[in-house]
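Only one structure is covered here, and it is reproduced in the block below.
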Amino acid sequence: SAAVGQTLPEMSFSYTHMNCILYALGVGMSTKEPDHLKFLYEGHEDFSCLPTFGVIPAQSAMMGLGSIPGLNIDFTR
């Protein structure tokens, strides 16, 4: 009940093309696949982050949940 009404501190998240590229490589994008190049080469005319990159800022915010009084979550499970 101590967790009711608690708020997380505001946070901001910034990223560069390099973060998008490293994420794409980490989830299996390859330069051997032509349709993957738009996620791996910042000079590509359609360069973009993978849509699933959006979970990264949310994951960072979730790490703050352990500091909320009364909210007992075992993040190791």
Here is a list: 53, 13. Which entry is part of a helix (DSSP H, G or I), touching a helix residue (DSSP H, G or I) at 6+ places or on another chain (Cβ under 6 Å) and of a type in the set (A, V, I, L, M, F, W, C)?
53
Within region 40-54, take every residue that is among the acidic types (Asp, Glu) and out of contact with any His (no Cβ under 9 Å at 6 or more places or on another chain) and give me the one that is nearest to residue 14 (Cα to Cα).
46
Six or more apart or on different chains, Cβ atoms under 7 Å: show the pairs whose first residue is in region 33-50 and part of a helix (DSSP H, G or I) and whose second is among the acidic types (Asp, Glu) and exposed (fewer than 10 other Cβ atoms within 10 Å of the Cβ).
38/46
Of all residues in region 20-32, how many are assigned to a helix (DSSP H, G or I) and either small (Gly, Ala, Ser) or surrounded by fewer than 11 Cβ atoms within 10 Å (Cβ to Cβ) (or both)?
2
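Just to verify a result, which residue in region 43-57, among those that are of a type outside the set (Gly, Ala, Ser) and surrounded by fewer than 11 Cβ atoms within 10 Å (Cβ to Cβ), is nearest to the chain's Cα centre (by Cα)?
52
None of the figures in this text is laboratory data; all of them are computed from the coordinates on show. The structure presented is a predicted model; accordingly, all values stated were derived computationally and were not measured. So basically every Cβ, Gly included, is an ideal-geometry build from the backbone, and we count neighbours across all protein chains shown.
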